[in-house]
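Colleague: Take a look at this one; I'll ask things after.
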Amino acid sequence: MRIDIITCLPSLLESFFAASILKRAQDKQLVTVQLHDLRAYAINKHRQVDDYAFGGGAGMVLMIEPIAKCIRALQEKQAYDEIIYMTPDGELFTQKQANSLSLKKNLIILCGHYKGVDDRVRQHFVTREISIGDYVLSGGELAAAVVADAVIRLIPGVLSDETSALTDSFQDNLLAPPVYTRPAEFEGMKVPEVLLSGHEANIEKWRSEQSLERTKKRRPDLLQY
Ligand code: ADE
């Protein structure tokens, strides 16, 4: 998989993709993440990428020319399955969307900034608009990092334990069961007996029950469809 992220603030994302699981995924060549500084595609010597909104109002708007130039330069090298725009008025990001994006080959993620992008970008270039929640961030970079992280960890081979992504919360619309590690007892607080029993079927049954119990208590909305 290849993910190209277009942003005016690549430095915000550099360290994020250079660490931990995401770095390992790139080292193993399971994914390539490339950051593209929108300013490199600016149309004038002032490296301008935003301008005042037509009709007035506070806030700057990202211009269509640098974005179009950057997207077209990328499309000359490879075709893209989706051009995603991160925006608070997009479709709410869920595990289901992460699963579906993890099956794609090449993705572009465009980060908005200021008041957003010229709407013609959304109408003519963008194929999917994603929000990570009902709140407004100062830019799309953190949201792009969230989406890329959720997607990359689902690519087979990225997690060392292949099955662990399948048992995450939200897969099957259920929250994950509680987990414990050593010691089996800490200051009188004991790990549930069944987990120490070595009886796989009973452990599986306990985990399913706990998952359901947790979901009912914390996120009953997940059980409603
Ligand atoms: N950009 C600003 N806020 C955002 C949000 N909640 N989700 C996605 N992109 C955003």
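Every number here is computed from the coordinates shown, using simple stated rules; none is lab data. The model shown is predicted, which means the values in this text are computed figures rather than measured ones. Heads up, the Cβs are rebuilt from the backbone with ideal geometry, glycines too, and the neighbour counts pull from every protein chain shown.
Colleague: So for the chain, taking the charge dipole from beta-carbon charges (+1 Lys/Arg, -1 Asp/Glu), which of VAL191, LEU166, PRO178 sits furthest toward the positive end?
Modeller: Projecting each Cα onto the dipole axis, the largest value belongs to LEU166.
Colleague: If amide H atoms are built 1.01 Å from N in the plane of the peptide, which residues on other chains or at least 5 residues away come under 5 Å of the amide H of ASP4?
Modeller: Under 5 Å from the amide H of ASP4 lie the amide H atoms of GLN34, LEU107, ILE108, ILE109, each far enough along the sequence or on another chain.
Colleague: Apply the Karplus curve 6.51 cos²θ - 1.76 cosθ + 1.60, θ = phi - 60°, to the phi angles in the stretch 204-215 and return the couplings in whole Hz, x for Gly and Pro.
Modeller: 4, 5, 4, 5, 4, 4, 5, 4, 5, 4, 4, 5
Colleague: So what J values fall out for the stretch 71-76 if you push phi through Karplus, 6.51 cos²θ - 1.76 cosθ + 1.60 with θ = phi - 60°, rounded to Hz, Gly and Pro as x?
Modeller: 4, 5, 4, 5, 5, 5
Colleague: Between VAL49, LEU30, ALA68, whose Cα lies farthest towards the positive end of the dipole of the stretch 2-152 when Lys and Arg beta carbons carry +1 and Asp and Glu beta carbons carry -1, centred on the Cα centre?
Modeller: LEU30
Colleague: Then there is this: Using a simple charge model, +1 on the beta-carbon of Lys and Arg, -1 on the beta-carbon of Asp and Glu, nothing else, what dipole does the stretch 169-224 show about its Cα centre, in debye to the nearest 20?
Modeller: In debye, rounded to 20, the stretch 169-224 gives about 200.
Colleague: Starting from the exponent 0.38 and prefactor 2.2 Å, build the expected Rg for the stretch 7-56 from its residue count and divide its actual Cα Rg by it.
Modeller: 1.61
Colleague: Counting other C-beta atoms within 10 Å, and keeping those with at most 12, which DSSP coil trypsin sites (Lys or Arg not before Pro) do you find in the stretch 56-117?
Modeller: LYS105
Colleague: Here is a follow-up. In whole Å and largest first, what semi-axes does the C-alpha gyration tensor of the stretch 63-167 yield when each eigenvalue is scaled by 5 and square-rooted?
Modeller: Result for the stretch 63-167: semi-axes of 25, 17, 10 Å.
Colleague: Under 16 Å from the Cα of LYS69, which lysines turn up, not counting those fewer than eight places away in the same chain?
Modeller: Correct list for LYS69: LYS45, LYS77.
Colleague: Over the C-alpha atoms of the stretch 138-182, what are the Rg and the largest Cα-to-Cα span, Dmax, in Å?
Modeller: Cα only, the stretch 138-182: 13.3, 41 Å (Rg, Dmax).
Colleague: Sticking with this structure for a sec: Just to be sure I understand the model, the point goes 7 Å from the Cα along the line to the Cβ. What's the resulting VAL194 to GLN26 distance in nm?
Modeller: 4.2
Colleague: Per the helix-only calculation at 222 nm, which mean residue ellipticity applies to the chain, given -39500 (n - 2.57) for every DSSP H run of n ≥ 4 and division by its residues, nearest 500 deg cm²/dmol?
Modeller: -10500 deg cm²/dmol
Colleague: Something else: Say we join alpha carbon atoms closer than 10 Å with springs in a Gaussian network model of the chain; which of ALA150, ALA25, ALA58 then has the biggest fluctuation?
Modeller: ALA58
Colleague: Listing TYR41, TYR180 from the residue with the fewest other Cβ atoms within 10 Å to the one with the most, what is the order?
Modeller: By the 10 Å Cβ count, ascending, the order reads TYR180, TYR41.
Colleague: What residue among LEU38, LEU30, LEU101 shows peak mean-square fluctuation when the chain is described by a Gaussian network model with Cα springs under 10 Å?
Modeller: Maximum among the listed residues: LEU30.
Colleague: Can you check how the C-alpha radius of gyration of the chain compares to 2.2 N^0.38 Å, as a plain ratio?
Modeller: The reported ratio for this selection is 1.24.
Colleague: Taking a ≥ b ≥ c as the square roots of the eigenvalues of the Cα gyration tensor of the stretch 21-80, is the shape rounded (a/c under 1.5), prolate (a/b larger than b/c) or oblate?
Modeller: Judged from the Cα gyration tensor, the stretch 21-80 comes out prolate (a/c at least 1.5, a/b above b/c).
Colleague: Just need the Rg to Rh number for the stretch 169-224, please, alpha carbons only, Kirkwood Rh.
Modeller: 1.04
Colleague: On to the next question. Can you tell me which of THR94, THR181, THR127 moves the most in a GNM of the chain? Springs connect C-alpha atoms under 10 Å apart.
Modeller: In the Gaussian network model the winner is THR181.
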